[in-house]
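What follows is a short report on a single structure.
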Amino acid sequence: MLGISGFRSSSGRILAVAALALMANAASPAFAAPLPLFPFLPLPPVQQAPEPQVQAIPDTDDDGASTELPARLKRQIVNYATREAPGTIVIDTPNTYLYFVLGNGRAVRYGIGVGRDGFTWSGVQSITRKAEWPNWTPPAEMIARQPYLPRFMVGGPGNPLGARAMYLGGTIYRIHGTNAPNTIGTRVSSGCIRLTNADVSDLYSRVRVGTKVVVLPMTRRADIPVRSQTIAYNRE
């Protein structure tokens, strides 16, 4: 028969064991997530936190659209005194402007690139053909000077003729677009007149086959009326 001290010792051991059991149960999954009272009923779905919305960066056109032209070379309607009829194109070679005559003393003015030294020309021609995203076949004269050029290039954004081309008479020259808008306002071509793709598309929509084109020489101002003349080349 246990005495009082033995009873107390046994009770202490029992209480210690019970405390350890409670601690173990508290750490078990059963205590972390108690079983539902009614296991036969479906539980509501767990709501997932919505993922943050990410806005896609739009694609950019890298054919020179990001190039900012100087204010003077941007397409604009200007006062322009001329005797040429509305619908005529006047190319101001020394100032790198192309005018599309509207009449009543007004014209649309575009910034252009012109022929480099030794490749400028002047005279009166007409547009004999128009083409969208034209193919490029370098003329024999150009290949003789630059034999590394391709003999043919299909039209497209990488084509040096750009988005549109207007062919001038029976010459090798064209008014065309460019994938190098940083050349607008410079003298860099082999005689062709170049505009940005946006500007050449605008001009293309205004002209028709048969449109008169007046190309001024390097020594003549664009505000001096021009009479018809035989085309003259400067191919030094």
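The values are calculated or read from the model by the stated rules, or taken from the named source; none is laboratory data. This one's a predicted model, so the numbers in the text were calculated from it and none came from an experiment. Note: ideal-geometry Cβ built from the backbone for every residue, glycine included; neighbour counts use all protein chains shown. The accessibility values were calculated without ligands, DNA or RNA, using every heavy atom of the protein model including side chains. Shrake-Rupley method; radii C 1.70, N 1.55, O 1.52, S 1.80 Å.
In the range 133-191, of all residues being surrounded by 18 or more Cβ atoms within 10 Å (Cβ to Cβ) and basic (Lys, Arg), the one that is nearest to THR88 (Cα to Cα) corresponds to ARG174.
Filter the range 126-145 for residues that are part of a strand (DSSP E or B) and either among the aromatic types (Phe, Trp, Tyr) or in contact with a Phe, Trp or Tyr (Cβ under 8 Å, 6 or more places away or on another chain) (or both) and give the result.
Going through the range 126-145, the residues part of a strand (DSSP E or B) turn out to be 126-132, 136.
Those that are part of a strand (DSSP E or B) and either among the aromatic types (Phe, Trp, Tyr) or in contact with a Phe, Trp or Tyr (Cβ under 8 Å, 6 or more places away or on another chain) (or both): ILE127, THR128, ARG129, LYS130, ALA131, GLU132, TRP136.
Does ASN197 satisfy being in contact with a Gly (Cβ under 8 Å, 6 or more places away or on another chain), open to solvent by 30 Å² or more (accessible area, probe 1.4 Å), in contact (Cβ under 8 Å) with a residue 60 or more places away in the chain and under 23 Å from LYS74 (Cα atoms)? No: the conditions fail for ASN197. One residue stands out in the range 109-130 among those that are surrounded by fewer than 16 Cβ atoms within 10 Å (Cβ to Cβ) and under 29 Å from the mean Cα position of the chain (by Cα): the one that is nearest to PRO94 (Cα to Cα), namely ARG116.
State whether one or more residues within the range 117-134 are of a type in the set (A, V, I, L, M, F, W, C), in contact with a Leu (Cβ under 6 Å, 6 or more places away or on another chain) and either closer than 20 Å to ASP202 by Cα or at pLDDT below 95 (or both).
Of the range 117-134, the ones of a type in the set (A, V, I, L, M, F, W, C) are 119, 121, 124, 127, 131, 133.
Filter again for in contact with a Leu (Cβ under 6 Å, 6 or more places away or on another chain), leaving none.
No - not one qualifying residue is present in the range 117-134.
Of the listed requirements (1) of a type outside the set (Ser, Thr, Tyr); (2) more than 19 Å from LYS212 (Cα to Cα); (3) modelled with pLDDT of 95 or more; (4) in contact with a Ser or Thr (Cβ under 8 Å, 6 or more places away or on another chain), GLY64 misses just one: (3). Checking the stated criteria, GLU84 turns out to be among the charged types (D, E, K, R), under 30 Å from SER190 (Cβ atoms), over 30 Å from the mean Cα position of the chain (by Cα) and at pLDDT 90 or above.
Would a scan of the range 162-183 turn up a residue that is of a type in the set (D, E, K, R) and farther than 20 Å from VAL200 by Cα? Scanning the range 162-183 turns up no residue that is of a type in the set (D, E, K, R) and farther than 20 Å from VAL200 by Cα.
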